[in-house]
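First comes the structure, then the notes that go with it.
The values are calculated or read from the model by the stated rules, or taken from the named source; none is laboratory data. These numbers come from a predicted model, not from an experiment. Neighbour counts are summed over all protein chains in view; Cβ atoms, including those assigned to glycine, are modelled from backbone coordinates with ideal geometry. For the accessible areas, the whole protein counts, side chains as well, though only heavy atoms, and no ligand, DNA or RNA atoms are used. Shrake-Rupley method; radii C 1.70, N 1.55, O 1.52, S 1.80 Å.
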Amino acid sequence: MRILWVATKAPVPPVDGGRLVALTTIRALAAAGHDVTVVAPVMSGMEAATAAAAVAAELPGLELVPTRPATWPLAIARGCVQGLPFTIARHDSAALRARVDRLLAARAYDVVHAEQLQALAACGSAIARGAPVVLRAQNVESELWSARHHALLRAEAHRLARYEGAAVQRAAATIALTRRDAERLATLADGALVDHIAAPFPERLSPGAPLPGAPTVTLPASQGWRPNDDAAAWFAREAWPAVAARIPGARLHVFGTRKAFSGDHTITPHPSPVDSAVMFPADGIVVVPLLAPAGVRMRILEAWARGLPVVATAAAVAGLDGEVTRAVAIADGAPGLAETIAQLAVDSERRERLVAAGRAILRTEHDPKVIAGRLGTVYRTVVESAARART
């Protein structure tokens, strides 16, 4: 099947969870024999150069479109004039829409895949041509905004909720990564069908090289994604001091956040690495201290695959399927997280049990071949439906 995959950001290098879930899915579809063309916006300069270097090895067919998100003042002005949520107006790219138009004119695609809500705006010409468009929502955008306290941000959440409901009805099919998100999107769309198909992920990957610390604790955040930034800052401020006091040799390595951790020699900040294995050092412990549920935590899946145990809040594992309580050491609140990390540091048998249970979930819930097959079924269904509509 010929698939045109429209993204909101280049899936390579996979420096955050959103890019990682896109890349693993594209790999799975390609391995299943599908012909996938990926078109994605990329900012000029270093990001474009980094993405271009990764393309040669990962996605030689990737179409990179140089563009930048609108500034927030301009996005707010556009949103007010056009009646759009501000985040949608900010990421609406004329250059991306034009590239999608040219690709559709140059080649016949069976289906267009819009990866995330903001990508759907670039698929207007596909919908106008009668091409089936499948929307995959990595999370429920309106919920991310509704968790914030400012009145203007909550108003944006209401706009997004209406837009999400309309988007689900506009797409030929919608896919969510978690059952919870599928149910929420279906509610926003007045009961429209939303498929739940988990993110694909391999069962085993090699861990990264060891990092300083006894134990080494890593916190894989995502630069620019507010829930991760807030969680990283909260954990470093409220929970980590208790771990460092109890285990003098412990070191916390925080990846990919904009937050500063000056003055604490036990915390080492790192930029988002091109090779994500760096965030999962051999014999390390991964902590995911999210304070609100949102989407699926790809870094938890990667920790299992690379053989590292995970300590996480209940919110962080809310979207995962399978027997998660056997695969993650779940703790809430700063004292609970600190105590759980300290206990896990001296309990090698429990660490091994958590990893084994996590890999069992990867095997049963996230098998790339199975996920690619389920996606293929959705694609074929909308293609057949579009064909019937034309006759």
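Per-residue extension of 0.36 nm, minus the Cα-Cα distance of Glu183 and Arg353, leaves a gain of 58.0 nm for this segment. For Val288, the residues 5 or more places off, or on other chains, whose built amide H falls under 5 Å of its own are Val311, Ala312, Thr313. Surface composition of the chain: carbon plus sulfur atoms hold 54% of the accessible area, using a 1.4 angstrom probe and ignoring ligands, DNA and RNA. Fully extending the segment from Arg388 to Val346 would add 8.9 nm, taking 0.36 nm per residue of separation and subtracting the current Cα-Cα distance.
Here's how it looks for Leu84: its modeled amide H is under 5 Å from none belonging to a residue 5 or more places away or on a different chain. Backbone phi angles across the range 297-304, fed through the Karplus curve with coefficients 6.51, -1.76 and 1.60 (θ = phi - 60°), yield HN-Hα couplings of 8, 4, 5, 5, 4, 5, 4, 4 Hz in residue order; Gly and Pro are listed as x. Helices in the chain, meaning DSSP H runs of at least 4 residues, each add -39500 (n - 2.57). Divided by all residues, the mean residue ellipticity at 222 nm is -14000 deg cm²/dmol. Annotation: amide H-H contacts under 5 Å for Val254 (H modelled 1.01 Å from N, sequence separation of 5 or more, or interchain): Leu219, Thr268, His270. Relative to the current alpha-carbon distance between Ser146 and Ala245, full extension at 0.36 nm per residue lengthens the span by 32.0 nm.
To the nearest ten degrees, helix 151-170 and the longest principal axis of the Cα atoms of the chain are 50 degrees apart. If you fit an axis through the alpha-carbon atoms of helix 17-31 and take the longest principal axis of the Cα set of the chain, what angle between them do you get, 0 to 90°, nearest 10? It works out to around 60 degrees. Annotation for the range 99-118 versus the range 141-216: alpha-carbon center distance of 22 Å. Using the Karplus relation 6.51 cos²θ - 1.76 cosθ + 1.60 with θ = phi - 60°, the per-residue 3J(HN,Hα) values for the range 351-367 come to 4, 5, 5, 4, 5, 4, 5, x, 5, 5, 5, 4, 5, 8, 10, 10, 4 Hz, with x marking Gly and Pro.
Of the peptides 330-341, 276-287, the ranking by mean beta-carbon count within 10 Å, highest at the top, reads 276-287, 330-341.
Applying Stokes-Einstein at 4 °C and 1.567 mPa s to the Kirkwood radius of the chain, computed over alpha-carbon pairs, gives a translational diffusion coefficient of 60 µm² s⁻¹.
Using every pair of distinct Cα positions in the range 156-270, the Kirkwood expression returns a hydrodynamic radius of 17.4 angstrom. The packing ranking, built from the mean of other Cβ atoms within 10 Å per residue, places the peptides 309-316, 268-275 in the order 309-316, 268-275, highest first.
Rounded to the nearest whole Hz, the Karplus-based 3J(HN,Hα) values (6.51 cos²θ - 1.76 cosθ + 1.60, θ = phi - 60°) of the range 4-14 follow the sequence 9, 9, 9, 10, 9, 7, 4, x, 10, x, x, with x at glycine and proline.
In this simple spin-label approximation, Ala292 and Arg226 carry label points 7 Å from Cα along the Cα→Cβ vector, and these lie 0.7 nm apart. When both bridge partners sit in the chain, DSSP labels roughly 0% of those beta bridges antiparallel. If you take every residue apart from Ala245 with its C-beta less than 15 Å away from the C-beta of Ala245, what net charge results, scoring Lys and Arg +1 and Asp and Glu -1? In short, 0. Short to long, the 5 Å bins of the Cα pair-distance histogram for the range 271-391 hold 2, 11, 17, 19, 17, 11, 6, 5, 4, 3, 2, 1, 0, 0 percent of all pairs.
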